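The values are calculated or read from the model by the stated rules, or taken from the named source; none is laboratory data. Quick caveat: nothing in here was measured; it's all calculated off a predicted structure. FYI the Cβ positions are ideal-geometry reconstructions off the backbone, even for glycines, and counts take in every protein chain you see.
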Amino acid sequence: MKKLPILIVLVVIFATAGYFFLFGVNADNTIAQTTFGAQMEVAEKQNVEHTVSAQVTVVENEAEKAYEEQVFIAGKHYVVINKPVETETGDKVEVRELFWYYCSHCYNLEPYIHEMEANLTDKAEFVRQPAVFSERWEKGAIFYYILKHLGEFDRLNTPLFSAIHRDGIDFNSQEDFVNWLNINGVDMTKANDAFKQYSVAVNVNKAKANSFKYQAQGVPTLVVNGKYWVDAAHAGSIEGIFKVVDYLIEKELR
């Protein structure tokens, strides 16, 4: 009879030991698994953050590379002037148009010029210059500086282009031009006096000298900061001219 309690005690001891052995190991495994899972989650998060950061860096590098390698090549899309010409716009990037009133391409470019001028960055400034490549071209330069002298350029520049290219007026003499100015509201005496102004003659002569400094091959030509020039032949189209001009402005501002 004494053996029975001993057996019971032994059974209880073995049962308790088995319980702790089984469930204790499981608990440790659960803790270990939970810890391992947390470590994996942190590692995965760090990996994702590293990947995103790397991707952002790649995008930034590609954007910079795209700007550097933008397909505007000196000698192909624009011309580098051998000897840069001094600008007149101070700290601002000068964008100068060489034009001639009798040039049909200049006439067609006018709407684009107005759009560019309206949207030009405040770090750049637009300047017009009548080109004078021969005596025949002087007439157009005289008209330009007379309009400037009279303070009528903004109002009559486009109408003058239209009179020549749309209406076919050739303006063969001073009288023809003065009559046209008078029809467009300019006092005839003031118009005739403008032809006598020393400043008009000086500016025409200056335009003659400057036209050759830029080494341009014709008009219309846009010169950026006295260093580069671009025309439709090099840019590929009228629209292309202004894309190259924007690129060259940014190039100068960097």
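So that you can scan it fast, the table gives a plain yes or no per residue for (1) touching a residue at least 40 places away in the same chain (Cβ under 8 Å); (2) touching a Phe, Trp or Tyr at 6+ places or on another chain (Cβ under 9 Å):
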| position | (1), (2) |
| --- | --- |
| Val85 | yes, yes |
| Tyr102 | yes, yes |
| Asn108 | yes, no |
| Ala124 | yes, no |
| Glu135 | no, no |
| Gly140 | yes, yes |
| Leu147 | no, yes |
| Thr158 | yes, no |
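Only one entry in Val48, Val80, Val71, Val95 is surrounded by 10 or more Cβ atoms within 10 Å (Cβ to Cβ) and modelled with pLDDT under 95, namely Val48.
When you check Leu253 against the structure, is it within 21 Å of Thr89 (Cβ to Cβ), of a type in the set (A, V, I, L, M, F, W, C), crowded, with 20+ Cβ neighbours inside 10 Å and touching a residue at least 40 places away in the same chain (Cβ under 8 Å), yes or no? Judged against the criteria, Leu253 is not a match. Just wondering, is there one or more residues in region 227-241 that are under 34 Å from the mean Cα position of the chain (by Cα) and aromatic (Phe, Trp, Tyr)? The answer is yes; a qualifying residue exists.
Of the residues making up region 182-239, those that are touching a residue at least 24 places away in the same chain (Cβ under 8 Å), on the phi < 0 side of the Ramachandran plot and polar (S, T, N, Q) are Asn184, Gln197, Ser199, Asn203, Asn210, Ser211, Thr221.
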